[in-house]
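Worksheet for the structure shown next.
The values are calculated or read from the model by the stated rules, or taken from the named source; none is laboratory data. None of the values given here were measured: they were computed from a predicted structure. Please note: Cβ atoms are built from the backbone with ideal geometry, for glycine as well, and neighbour counts cover all protein chains shown. The protein model used for the area step is the full one, side chains on, heavy atoms only, and it has no ligands, DNA or RNA in it. Shrake-Rupley method; radii C 1.70, N 1.55, O 1.52, S 1.80 Å.
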Amino acid sequence: MAQKLGLYSYWRSSCSYRVRIALALKEIPYEYLTVNLIKDGGEQKKPDFLKVNPLGFIPALVVNKDNQKYTLFESMAIIDYLESYKPEPSIYPKDPIDRANAIAITEAINSGIQPLQNLFVLAEIEKLGGSKAEWAHRLIDNKFKSLESILATTSGKYCVKDTISIADVFLVPQVYNARRFNVDMNQFPIINRISQLLEEHEAFKAAHPSAQPDAQ
Ligand SMILES: N[C@@H](CCC(=O)N[C@@H](CS)C(=O)NCC(=O)O)C(=O)O
């Protein structure tokens, strides 16, 4: 196993929240490296951070291996790395169909919801004269309707049957965002039930925005 990991994170960043959940589930210690997404127009856009991740996004994971320093970015890639770094408990279902379903739900959130309500997108909506709160609310509300139908066929106790998977790791931070944008979660009984159950889990509690050192 490599030396201690470092995570560039911000308490309210849902993509960082995903990685924090995976780290907590796998009980991997790490150093918390704050990147304030709001202060002075956002530390993620400053030259120092662009050397870490040229995309100007968090999370980024610093790994020291064989006296070399590597920086990984994109939460999917980071979580995939963590799965190899510490395979147990696995968050990828063994059964191929369950695994495909878990990745599909993950991708629906990762590609189909979060990027459309990312900070820089909301800033552009505002510049074009739109309401960023209304945009995010309508978008999540609409996409959660589809997600609810998918979960009706895949879920058990959690998103895919009865074992916590990568789909749950991505769901909970997106529900956090949904609440921030005042989406009425009572419309989505399955998403609501699963996320409430997961929020009681110690690893999910440890990863929650309010539990982070930079929480305001
Ligand atoms: N697809 C990337 C996206 C990362 C991302 O969108 N990060 C957001 C925070 S959740 C960010 O850094 N936003 C900064 C900005 O929009 O300026 C991932 O999954 O890691």
> Is it fair to say residue 120 is open to solvent by less than 30 Å² (accessible area, probe 1.4 Å), within 22 Å of residue 19 (Cα to Cα) and aromatic (Phe, Trp, Tyr)?
Replying inline: no
>> Out of the residues in the range 33-61 meeting the condition of being touching a Gly at 6+ places or on another chain (Cβ under 8 Å) and open to solvent by 30 Å² or more (accessible area, probe 1.4 Å), tell me which one is nearest to the ligand (Cβ to nearest atom).
In response: 45
> When both residues are 6+ apart or on different chains and their Cβ atoms are under 7 Å apart, which pairs have a first residue that lies in the range 139-161 and is open to solvent by 20 Å² or more (accessible area, probe 1.4 Å), and a second that is not in a helix (DSSP H, G or I) and not aliphatic (A, V, I, L, M)?
Replying inline: 148/188; 156/162; 158/165
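Return the only residue of 75, 131, 84 being of a type in the set (S, T, N, Q) and outside the structural domain of residue 39 (by TED's automatic domain parsing). Step through it out loud before you land on a result.
Values: 75 fails: outside the structural domain of residue 39 (by TED's automatic domain parsing); 84 fails: outside the structural domain of residue 39 (by TED's automatic domain parsing).
It is 131.
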>> List pairs: first residue in the range 101-112 and over 21 Å from residue 57 (Cβ atoms), second residue assigned to a helix (DSSP H, G or I) and within 15 Å of the ligand (Cβ to nearest atom) anywhere in the structure, Cβ distance under 6 angstrom, at least six positions apart or on different chains.
In response: 102/166; 102/167; 105/167
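Every residue, every condition in (1) within 16 Å of the ligand (Cβ to nearest atom); (2) modelled with pLDDT under 95; (3) assigned to a helix (DSSP H, G or I), yes or no:
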site	(1), (2), (3)
103	yes, no, yes
126	yes, no, yes
137	no, no, yes
146	no, no, yes
152	no, no, yes
170	yes, no, yes
182	no, no, no
193	no, no, yes
196	no, no, yes
> Would you call residue 89 more than 10 Å from the ligand (Cβ to nearest atom) and either under 12 Å from residue 22 (Cβ atoms) or buried (at least 17 other Cβ atoms within 10 Å of the Cβ) (or both)?
Replying inline: yes
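Among the helices (runs of 4 or more DSSP H) lying completely within the range 1-97, list those that include at least 3 residues that are touching a residue at least 24 places away in the same chain (Cβ under 8 Å). Give the steps one after another, and end with the answer.
On the way: elements: 14-25, 47-52, 75-85.
The qualifying helices (runs of 4 or more DSSP H) are 14-25, 75-85.
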> Scanning for something farther than 20 Å from residue 122 by Cβ and of a type in the set (Phe, Trp, Tyr), does the range 51-62 turn up at least one residue?
Replying inline: no
> In the range 179-213, which residues are open to solvent by less than 20 Å² (accessible area, probe 1.4 Å) and touching a residue at least 40 places away in the same chain (Cβ under 8 Å)?
Replying inline: 183, 188, 191, 194, 198, 203, 204, 207, 209, 212
